[in-house]
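Everything below concerns the one structure shown next.
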Amino acid sequence: MTLTRPDTLDDPRLAVFSSLTDAELRDPRQLVGLARALDASADPERLAGGLFIAESANVIERALDAGLAPFALITEERWRAAAEPLVARMVAADPAAPAFVLTAAERRAVTGYERTRGPLAAFRRPAPADPAALLAGARRVAVLEDVANHTNIGALFRSAAALGMDALLLTERCHDPLYRRAARVSMGTVFQVPWARVDADWPALLRAAGFATCALALADDALAIDDARLAACERLALVLGTEGDGLAPATIAACDWVARIPMAHGVDSLNVAAASAVAFWETRVR
């Protein structure tokens, strides 16, 4: 397989980039029509795991490095050279995955995006991870409570990868790490740092796995984030909340400690992504 031009922009193999929202790509019911359009004789449930879109050569490379299964790729002519190695790797992973080259105008017509940061590739979503299995060998993890901003999710993953976090646990209301913008901001580290969704009983899950828990919150009795007791924990989970509201009071009460980052010049707090980088560094395993 090499990069080819589609005969028409109505080619059903382009539909994954044009006619489905991110939410629809995660919904198996919405993908039945796509599966049938591609091959009426094939099992319509073969896309039941869902799909996601990766943007840029770097992000696509890291998705392939993680062993994720490619579904299709498109690129503009100006990024052909960057896309050729990706196509070669896609052939090795799935010879049936199509790869198309488009003009900039055609790419805009297909995707609706005014601009992109390189090639776009659709991948099959990996099976959800078991949070208990992720905790089994971990020493440093973070719990993200209701972080509802794709840029922050991506930046959190990048900090977690760079600063040695073993896993991230996301509550159900957190935005999707595999969303195109989140994965791009993360520089593809969403495919490197293990993560899983957790239900409301995650404090019990962490206690059962032997973790101490530390909420990052603006409390009068909070420890400084560089308190030696935190770094000395054999197994520690840092709990971070959403912008504005922060952590729920019940979440703070369920944690063993509360910590804050000392501030100067009257600033009360950092953006959650910036705060995560400071906290991950200060509490790292030494």
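The values are calculated or read from the model by the stated rules, or taken from the named source; none is laboratory data. Treat the numbers as computed from the prediction; the structure is a model and nothing was measured. Note that each Cβ is placed from the backbone with ideal geometry, even for glycine, and that neighbours are counted across all protein chains shown.
Scan the range 110-120 residue by residue and report those that are touching a Phe, Trp or Tyr at 6+ places or on another chain (Cβ under 8 Å) and either within 22 Å of PRO85 (Cα to Cα) or in a strand (DSSP E or B) (or both). Before the answer, list the steps.
Keep residues of the range 110-120 that are touching a Phe, Trp or Tyr at 6+ places or on another chain (Cβ under 8 Å), which gives 110-111, 118-120.
Hits for the range 110-120 are GLY118, PRO119, LEU120.
So which pairs qualify, if the first residue must be in the range 5-33 and in the same structural domain as ALA105 (by TED's automatic domain parsing) and hydroxyl-bearing (Ser, Thr, Tyr), the second must be surrounded by 15 or more Cβ atoms within 10 Å (Cβ to Cβ) and assigned to a loop (DSSP other than H, G, I, E, B), the Cβ gap must be under 9 Å, and the two must be at least 6 apart or on different chains?
none
Confirm whether PRO126 is loosely packed, with under 14 Cβ neighbours inside 10 Å and either part of a loop (DSSP other than H, G, I, E, B) or in contact (Cβ under 8 Å) with a residue 12 or more places away in the chain (or both).
Against the criterion (loosely packed, with under 14 Cβ neighbours inside 10 Å and either part of a loop (DSSP other than H, G, I, E, B) or in contact (Cβ under 8 Å) with a residue 12 or more places away in the chain (or both)), PRO126 does not qualify.
Kindly list the number of the only condition in (1) closer than 19 Å to ARG181 by Cα; (2) of a type outside the set (A, V, I, L, M); (3) in a loop (DSSP other than H, G, I, E, B) that fails for ARG107.
All conditions pass for ARG107, except number (3).
Could you tell me which numbered condition LEU236 fails, if it satisfies all but one of (1) more than 15 Å from TRP257 (Cα to Cα); (2) among the aliphatic types (A, V, I, L, M); (3) modelled with pLDDT of 95 or more?
(1)
List the residue pairs whose Cβ atoms are under 6 Å apart, where the first residue sits in the range 208-227 and is in contact (Cβ under 8 Å) with a residue 40 or more places away in the chain and farther than 14 Å from GLY241 by Cα, the second is crowded, with 17+ Cβ neighbours inside 10 Å and of a type in the set (Gly, Ala, Ser), and the two are 6 or more positions apart or on different chains.
Here the result reads PHE211/ALA237; ILE225/ALA259; ILE225/ALA279, each pair linking the range 208-227 to a residue that is crowded, with 17+ Cβ neighbours inside 10 Å and of a type in the set (Gly, Ala, Ser).
For the range 172-182, state whether one or more residues are over 24 Å from SER19 (Cα atoms) and not acidic (Asp, Glu).
yes
Would you confirm whether any residue within the range 194-205 is surrounded by 20 or more Cβ atoms within 10 Å (Cβ to Cβ), under 27 Å from ALA57 (Cβ atoms) and of a type outside the set (Phe, Trp, Tyr)?
no
Return the total of residues in the range 7-61 being farther than 25 Å from VAL185 by Cβ, surrounded by 15 or more Cβ atoms within 10 Å (Cβ to Cβ), modelled with pLDDT of 80 or more and among the polar types (S, T, N, Q).
0
Specify the residue that is nearest to ASP146 (Cα to Cα); the eligible residues are those in the range 207-234 that are of a type outside the set (A, V, I, L, M, F, W, C) and surrounded by fewer than 17 Cβ atoms within 10 Å (Cβ to Cβ).
ARG207
Select from the range 90-104 the residues that are out of contact with any Lys or Arg (no Cβ under 9 Å at 6 or more places or on another chain) and not in a loop (DSSP other than H, G, I, E, B) and write down the one among them that is surrounded by the fewest Cβ atoms within 10 Å (Cβ to Cβ).
ALA92
Which residues, counting only those in the range 129-145, are in a loop (DSSP other than H, G, I, E, B) and under 14 Å from the mean Cα position of the chain (by Cα)? Walk me through it before giving the result.
We begin by selecting, within the range 129-145, every residue in a loop (DSSP other than H, G, I, E, B); these are 129-130, 137-139.
Matches in the range 129-145: ALA129 only.
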